[in-house]
Amino acid sequence: MKTNNPNPIPNRRKFLKGFSFALGSTALGLPLLSLNSCQAGGSSGAGNEEQVSQEKQNKGNSNKMGIALVGLGNYSTEQLAPALQETENCYLAGIVTGTPSKAEEWKNKYNIPEKNIYNYENFDQIADNPDIDIVYVVLPNSMHAEYTIRAAKAKKHVICEKPMATSVADAQRMIEACNQNNVKLAIGYRLHYEPFNKRVMELGQQQVFGKVQSVEAANSQDMTKDSPDVWRLDKELSGGGPLMDVGIYCVQGACYTLGKAPVAVTAQFGEITNPEYFNNGVEQSISWKMEFDNGVAAECTSSYAREANLLAGKAENGWWRVSPAYAYEGKEGETSEGEMDYENVYEQVHQMDGQAQSFRNNQESIVPGEMGLRDMKILEAIYESARNNGKRVEIS
Ligand code: NAD
């Protein structure tokens, strides 16, 4: 199965363990506009922290929030579960899986009590489990809405993987469910927690090199080397092709470079040269332009039939370029003033610790559901434009 990581480096030990960050500000100490108008209406937490189980106390986790991972596929297995062995504000308390053999394997590997293991049918009983404070939805995209809403009804905070949903309507229902049940919703946008992308936010938003003039972003992963029989190539489950899966990082990159959302988009689908892979309503490649109200444009591309990984910007008095920009590891960057000298961090650790801390403090995450909704509106507009031969689509 493909991952979002074209440059895997297995040894995590080399990462900065003590890298710290403040919520709502950068590692570099500057406040950032990660999103315009994205404050959630939910006000109080799930409120079950008083009842801490004996297992939790025995494991020294009594001061940490318990996370249950829903969907034990590649991302949960290779990234999130190992990261949860290093988090300080949260820990792997439970799992939700449809595969009994995986339940057994994870139970033994991570010492998860039987009572914290659920399947998709009995998942709603998680409401009665005080060990679980946060449900992390790591399922195929079209399942995000159902499991986020069920988790919210169980009065659990939710972290939902990107893309938040497969439609704007679903994204809105997810936010409403969380607000109605007074739980917080955050999206798994890990790049807001790592220094290269945070530096790009500063360079753009703080106009370090003067006004930004243009943004370029590309994120592509070659899916044509593996089996075509995967959910990412099935529109019912994925909601779309590379745009939904990896192109979303370009949308994010352009928005956090400028600290705002685009006002309009134009887009074109690329030619299908591998019909045995792209025959199920999923595009092989797509290119699009995002127009911002200050006249700046972001030119973006995403494909499932080649490799690319870039976020670059040009300003009045300088430029920057991060490549790879979105991989878990191995990021490199330079600006017109020289190399970007940052360590690669274990970003999922920082992401989940940051999100757990915000939930505990009854604050909105820096990557709230509203940011996921904003991005869904942009993705839908990009698809609408591409379906209509590049028609300019405004985003309200
Ligand atoms: P995966 O295919 O490896 O895992 C999917 C999991 O869902 C599996 O455990 C599978 O058994 C389960 N599942 C339940 N019902 C299913 C169904 N009907 N069809 C297929 N699988 C079903 O996928 P993944 O790479 O782990 O991705 C899961 C989610 O995480 C996606 O939304 C993806 O976009 C996101 N993701 C995010 C990042 C990131 O960097 N933030 C990286 C990878 C994946």
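The values are calculated or read from the model by the stated rules, or taken from the named source; none is laboratory data. Note that the structure is predicted; figures quoted are calculated from it, not measured. Glycine gets a Cβ as well: all are built from the backbone with ideal geometry, and neighbour counts include every protein chain shown. Calculation scope for accessible area: heavy atoms of the full protein, side chains included, ligands and nucleic acids excluded. Shrake-Rupley method; radii C 1.70, N 1.55, O 1.52, S 1.80 Å.
Taking the helices alone, the chain has a mean residue ellipticity at 222 nm of -7500 deg cm²/dmol, built from -39,500 (n - 2.57) per DSSP H run of at least 4 residues and averaged over all its residues.
Distance between the 7 Å Cα→Cβ label points at A169 and S336: 4.7 nm. Solvent exposure of F209, expressed as accessible area, is near 10 Å², computed with a probe of 1.4 Å over the protein chains only. Counting only Cα atoms, the chain measures 58, 48, 41 Å along its principal axes, largest extent leading. Taking Cα atoms only, the orientation of helix 248-258 departs from the longest principal axis of the chain by about 70 degrees. Along segment 195-203 the Karplus relation, 6.51 cos²θ - 1.76 cosθ + 1.60 evaluated at θ = phi - 60°, assigns HN-Hα couplings of x, 5, 6, 5, 5, 4, 4, 5, 4 Hz to successive residues, with x for each Gly and Pro. Projecting the Cα atoms of Y326, V137, V246 onto the charge dipole of the chain, computed from C-beta unit charges around the Cα centre, puts V137 farthest toward the positive end.
Between helix 369-387 and the chain, what is the angle of the helix's C-alpha long axis to the longest principal axis, kept within 0 to 90° and rounded to the nearest 10? Relative to the chain, helix 369-387 is tipped by roughly 40 degrees. Where the centre of each part is set by its Cα atoms, how far does segment 62-100 sit from segment 286-322, in angstrom? Answer, in whole Å: 33.
Can you tell me how segment 73-140 classifies by the Cα gyration tensor, rounded, prolate or oblate, using a/c under 1.5 as the rounded cut? Rounded shape, in that the Cα axes give a/c under 1.5. Shape verdict for segment 305-396, please, from the Cα gyration tensor: rounded (a/c under 1.5), prolate (a/b greater than b/c) or oblate. Oblate, because a/c is 1.5 or more while a/b does not exceed b/c. Among residues other than H350 with Cβ under 9 Å from its Cβ, the summed charge is -2 (Lys and Arg +1, Asp and Glu -1). Accessible area ranking (1.4 Å probe, heavy atoms, ligands and nucleic acids excluded), largest first, for W319, W231: W319, W231. Evaluated with a Cβ-only charge set (Lys, Arg +1; Asp, Glu -1), the chain carries a dipole of roughly 380 debye about its Cα centre, given to the nearest 20. Net charge dipole, segment 335-395: roughly 540 debye, given to the nearest 20, about the Cα centre with Cβ charges of +1 for Lys and Arg and -1 for Asp and Glu. Of the peptides 73-86, 272-285, 100-113, the order by per-residue mean of other Cβ atoms within 10 Å, starting with the highest, comes out as 73-86, 272-285, 100-113. By its C-alpha gyration tensor, with a ≥ b ≥ c as the square roots of the eigenvalues, how is segment 135-254 shaped: rounded for a/c under 1.5, else prolate for a/b larger than b/c, else oblate? Note, shape of segment 135-254 comes out oblate. Taking amide H positions as modeled 1.01 Å from N, with prolines and chain starts lacking one, the residues under 5 Å from S220 and 5 or more places away or on another chain are S303, A308, N309. From the alpha carbon centroid of segment 189-259 to that of segment 327-379 is 12 Å.
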